[in-house]
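Worksheet for the structure shown next.
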Amino acid sequence: MPEGRQLWNFRPYETIEVARIAGALGAEITGADLTKPLTDDLYSEIYQAFLENQVIFFRDQDLTPEQFLAFAKRWGGIHLHPYMKGLDEHPEILELIKTETDTYAFGSSWHSDQMFAPKPAKCTMLLGREIPPAGGDTMFANMYLAYETLSDGMKAMLRPLKALNAGDKKRAGGDRNRAERYSGASGMKLKDPGNIQTESVHPIVRTHPDTGRLGLYLGSHTQHIDGFTPEESGPILAYLREHCRRPEFICRFRWAPGSLAIWDNRCVQHYAINDYQGHRRRMHRITIKGEEAPF
Amino acid sequence: MSQLLRNSTDTAPYERITVKPVAGAMGAEIEGVDLSQLDDATFAEIHRAWLENNVIFFRGQTLTPQQYLRFAKRWGDIHLHPYMKGMADNPEIFEIIKTETETKNFGNRWHTDQQFCPEPAKATMLYAIEVPAAGGDTMYSNLYRAYESLSDGMKQMLSGLKTYNMGDRKYGGKSRAERYSGGGDTMAGRVAPPREDMNSVHPLIRTHPETGRKALYIGSHTDRFDGLTKEESEPLRKFLMQHARRPEFTCRFRWQPGSLALWDNRCCQHYAVNDYHGQRRHMLRITIKGDTPF
Amino acid sequence: MAEAALNTNYERITVKRIAGALGAEIFGVDLAQPLDDATFGEIYRAWLENQVIVFRDQDITPDHHLAFAKRFGKIHPHPFNKPMEGYPDILEMTKRETDTYNHGGRWHTDQMYTPQPAKATMLVAREMPPYGGDTMFSNLYRAYETLSDGMKTAIAGLKGVNNGDSKKHESGMTRAERAKAGIGQMPQIDPTDIKIQTISTHPIVRTHPETKRKALYIGSHTERFHGMTDEESDPLRQYLLDHSHRPEFTMRLRWEVGTVTLWDNRCCQHYALNDYTGFRRRMHKITICGDTPF
């Protein structure tokens, strides 16, 4: 942990109700109206629930883009996506659209957002606008549990390791780069990242800056273990990837218009399920800047 | 440049023996030697050639069991196999026989001898009495090369690992005795397992006590890494085993009656090729005691 | 079934097997002299029976090489590599002292990626390192025969998509990229001049047109199975590839200057060992036309 860093001070909830949705992670929050500005106490409680459950969900939040942005800004600086353009009027809000005829769904691989950046996004907020009648759920995996369930020997072996994460290489398990993948997504507005760094080396075992807990930190951006050849990395990474997505580590969220999910990229991987071909799905997304490089 | 792939510890020429490397990675045939009569100076050169080449081969030797044993004792004390009985009249010599009707052979996996012992045999020598007309070669793999060819990152990660090696790993769910009783029981009749199975933990990266070089000390007795579950170990174990047998690290020896091979279990694996069904093969083996791997 | 080392039913040549699985040395033949039909007939038979035949100490010119090769069939031009000066039918493969990349350093059969892959390859060793640079061969009949009946049934209808410039090449580079980087032992034909089709689909279980035996026709050029994605193909493809060169199916050839080897691409794979960096090795290669695999 960096010098002077304080862990979160957990206190009982007074305003909100927090209901777990699965054994591993995830909770629905009731008792908060996010269209109104948040008091400090309310924000604290929500942030605590976020740390305890790693991904939190709100229902029936009918937020205008301005309200969504105002809420998001309480969490930190807004992170702009290097590869995607936002809404014209609100460039900080990314509109993720899959039309009836598109085939590619954004985010349909296990990953943590922007692992390829030197200071990856701390959390991501997703608001449901138009949802298919069925399908389009999102799965989340608890990376603390993934680490904690390894043997002591395995933990010791992985501790010193780092991995290279890349923003536009061929994704693990696929063989197309971004431009090739997005050609099946008519609604996505690609842009050139320009000078932003899109390849970064991060530890495979990451310490959470607020909870101090250790979690596995890898995803589909992870190319290979730093200092190893891709061939040497393959078996170990393949094992860890499989391990991280054990059903026991996962929760699954079904969307409705007005549903809001906020997940912690520092200790969660997520997966957008692409099972609603022929239906339209539209979401608004805001990502919050990471404050530090992973350690 | 030409010495790139050899383990040269000494650049002085050989005077009493001729040393002919058989492949890029390892292995050399030694010529001009009668193993039943060796003076100390010749033996010293042989020992040097052995350290430099990991495995050395002699051809056309005629050794009685006593002469064979006398040669073996120059290398150290005799190591007895914990699971297999020696010859009735010469218990320090272990007969390896595959008859015309048997289907399984002994040593048919990439391994280093007795890696499951707390002090595995440092050397093994094999002397051919009868060999098939074609087939029954032995392949060897250089574990120094296997180690050196890994990336620095991988070497670093492996440096902390230890292996858990089992005396009866039960391949395919079968114990030694069960495995050897395939179409005949010559080897099964020699199985004499100890009261308790012998298993040992050793460093994965082993430093050779004489050359000081590091080797990837892994073989088919290696069940998993110490402190990791079997499941966690498997991808890496499998990767390292396949890596260790890359053709570039190997040599292959074709036997004739009177051939003798002597290999260093601290830095090479070997594999007995089972491709001569219907023919008989009869070898005599002696292993030399080693020390605790570090 | 016991097989003798010396096949006694040859009258004009002596045939001495090399390993249990395949390979034979042929003695009593001087390839610089014209061969009468009866002698050639025996050589051809030995080739079909042993898949790889080796002639030692042959002092032959490129013209002798060509003349002998032509007895086996029409010469097959290589789709990617430029032939030797003055000999449009011969490829000269040179690995220089400073080169690190080795042509043919993976298990494969020649030109599997053309619609009618070369049936035979004939290699003459012109310059050899003092040790290293062996070639291994693997018997694809055995690879097929040793599969379970269930597996044989499962793969009976599979076809492999073979790519001459696969993105799965171990260097990570296409041929053009390797040529540009100065890696590779032969000058490359300009891509716009390449006339032959270099991605071809062939049955995974191939029947040899002359022996009628079935072989597992797979190699490093096989990218995936026809009609399946890469991801679907990989586990089985990898399994069959690993299986196809188990030690029991292999032999290893040590070359000397003057060694001439002829192998049958329809039923064996080969692997050129890259264990002699720092030495020079130069070979002459001729490939003979084959027909469409079925």
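The values are calculated or read from the model by the stated rules, or taken from the named source; none is laboratory data. The model shown is predicted, which means the values in this text are computed figures rather than measured ones. Don't worry about glycine lacking a Cβ; one is built from the backbone with ideal geometry, like all the others, and counts go over all protein chains shown.
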One residue from B:Lys20, B:Lys98 being crowded, with 17+ Cβ neighbours inside 10 Å, within 23 Å of B:Trp255 (Cβ to Cβ) and among the basic types (Lys, Arg): B:Lys98
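State whether the residues of segment A:269-285 include one that is of a type in the set (Val, Ile, Thr) and under 25 Å from A:Gln48 (Cβ atoms). Let's see the steps before the verdict.
Taking segment A:269-285 and keeping what is of a type in the set (Val, Ile, Thr), we get A:273.
From what is left, the residues that are under 25 Å from A:Gln48 (Cβ atoms) are none.
No: zero hits.
Can you name the residue in segment B:107-119 that is closer than 15 Å to B:Ile286 by Cβ and crowded, with 21+ Cβ neighbours inside 10 Å and, of all such residues, is modelled with the lowest pLDDT? Give the steps one after another, and end with the answer.
We begin by selecting, within segment B:107-119, every residue closer than 15 Å to B:Ile286 by Cβ; these are B:107, B:113-114.
In the following step, the residues that additionally are crowded, with 21+ Cβ neighbours inside 10 Å were identified as B:113-114.
Working: B:Asp113: 95, B:Gln114: 91.
Filtering first and then ranking leaves B:Gln114.
Within segment C:245-260, how many residues are over 14 Å from the mean Cα position of the chain (by Cα) and either surrounded by fewer than 22 Cβ atoms within 10 Å (Cβ to Cβ) or more than 10 Å from chain B (Cβ to nearest Cβ) (or both)? Explain how you work it out, then say what you get.
The initial filter retains those residues of segment C:245-260 that are over 14 Å from the mean Cα position of the chain (by Cα), namely C:246-249, C:254-259.
Right, trim to either surrounded by fewer than 22 Cβ atoms within 10 Å (Cβ to Cβ) or more than 10 Å from chain B (Cβ to nearest Cβ) (or both) and you get C:246, C:254-259.
Qualifying residue count, segment C:245-260: 7.
Taking segment C:82-114 on its own, how many of its residues are over 16 Å from the mean Cα position of the chain (by Cα), of a type outside the set (D, E, K, R) and in a loop (DSSP other than H, G, I, E, B)?
As a first pass, look at segment C:82-114 and keep what is over 16 Å from the mean Cα position of the chain (by Cα): C:82-89, C:94-101.
Now drop any that are not of a type outside the set (D, E, K, R), which leaves C:83-84, C:86-88, C:94, C:98, C:100-101.
If we keep only those that are in a loop (DSSP other than H, G, I, E, B) too, we end up with C:83, C:86, C:88, C:98, C:100-101.
Qualifying residue count for the region: 6.
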Matching option when the condition is in contact with a Lys or Arg (Cβ under 9 Å, 6 or more places away or on another chain) and of a type in the set (Val, Ile, Thr), among A:Ile288, A:Ile250, A:Ile236: A:Ile288
Residue within segment A:183-193 that is touching a residue at least 24 places away in the same chain (Cβ under 8 Å) and in a strand (DSSP E or B) present: yes
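Inspect all residues belonging to segment B:279-292 and state whether any of them is in contact with a strand residue (DSSP E or B) (Cβ under 9 Å, 6 or more places away or on another chain) and within 19 Å of B:Leu161 (Cα to Cα). Give the derivation first.
First pass over segment B:279-292, keeping only residues in contact with a strand residue (DSSP E or B) (Cβ under 9 Å, 6 or more places away or on another chain): B:279-290, B:292.
Narrowing the set further to residues that are within 19 Å of B:Leu161 (Cα to Cα) leaves B:292.
Checked against the condition, which is being in contact with a strand residue (DSSP E or B) (Cβ under 9 Å, 6 or more places away or on another chain) and within 19 Å of B:Leu161 (Cα to Cα), segment B:279-292 yields at least one hit.
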Of the criteria (1) touching an Asp or Glu at 6+ places or on another chain (Cβ under 9 Å); (2) within 14 Å of chain A (Cβ to nearest Cβ), which one B:Pro132 fails: (2)
Matching residues, segment C:77-98, being of a type in the set (D, E, K, R) and either in contact with a Gly (Cβ under 9 Å, 6 or more places away or on another chain) or away from chain B (no Cβ under 14 Å) (or both): C:Lys82, C:Glu85, C:Asp89, C:Glu92, C:Lys95, C:Glu97
Filter result (at pLDDT 90 or above, under 23 Å from B:Lys230 (Cβ atoms) and polar (S, T, N, Q)) within segment B:142-184: B:Ser159, B:Thr163, B:Asn165
Single residue of segment A:122-162 satisfying the filter (of a type in the set (Lys, Arg) and not in a helix (DSSP H, G or I)) that is surrounded by the fewest Cβ atoms within 10 Å (Cβ to Cβ): A:Arg159
Filtered residues of segment A:131-160 (kept if more than 20 Å from the chain's Cα centre (by Cα) and more than 24 Å from A:Glu248 (Cβ to Cβ)): A:Pro132, A:Pro133, A:Ala134, A:Pro160
Pick from segment A:223-245, criterion within 7 Å of chain B (Cβ to nearest Cβ) and part of a helix (DSSP H, G or I), ranking: farthest from the chain's Cα centre (by Cα): A:Glu232
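Residues checked against (1) at pLDDT below 95; (2) under 21 Å from B:Pro132 (Cβ atoms):
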residue	(1), (2)
B:Arg246	yes, no
B:Arg252	yes, yes
B:Pro257	no, yes
B:Leu260	no, yes
B:Trp263	no, yes
B:Met283	no, yes
B:Lys289	no, no
B:Phe294	no, no
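Among the strands (runs of 3 or more DSSP E) contained in segment A:1-81, which hold 3 or more residues that are closer than 19 Å to A:Cys123 by Cβ?
Working: elements: A:17-20, A:27-30, A:55-58.
Answer list for segment A:1-81: A:27-30, A:55-58.
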Residue match in segment B:240-248 (condition: of a type in the set (D, E, K, R), surrounded by fewer than 20 Cβ atoms within 10 Å (Cβ to Cβ) and under 15 Å from the mean Cα position of the chain (by Cα)): yes
Conditions (1) under 18 Å from C:Arg142 (Cβ atoms); (2) of a type in the set (A, V, I, L, M, F, W, C); (3) surrounded by fewer than 22 Cβ atoms within 10 Å (Cβ to Cβ): number failed by C:Ile218: (3)
Complete set of residues in segment B:185-210 that are modelled with pLDDT under 95 and among the β-branched types (Val, Ile, Thr): B:Thr186, B:Val191
Residue under evaluation C:Arg266, criteria (1) basic (Lys, Arg); (2) under 15 Å from the mean Cα position of the chain (by Cα); (3) modelled with pLDDT under 95, criterion not met: (3)
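Can you name every one of the strands (runs of 3 or more DSSP E) wholly within segment B:202-294 that holds 1 or more residues which are within 14 Å of chain A (Cβ to nearest Cβ)?
Values: elements: B:205-207, B:214-216, B:222-225, B:250-253, B:260-264, B:268-272, B:281-288.
Strands (runs of 3 or more DSSP E) meeting the threshold: B:205-207, B:214-216, B:222-225.
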Contacts under 8 angstrom Cβ, first residue in segment C:232-254 being closer than 17 Å to C:Tyr144 by Cβ, partner part of a helix (DSSP H, G or I) and at pLDDT below 95, 6 or more apart: C:Leu236/C:Ile155; C:Leu240/C:Ile155
Complete set of residues in segment B:137-175 that are touching a residue at least 24 places away in the same chain (Cβ under 8 Å) and facing another protein chain (nearest Cβ under 7 Å): B:Asp137, B:Met139, B:Leu150, B:Leu161
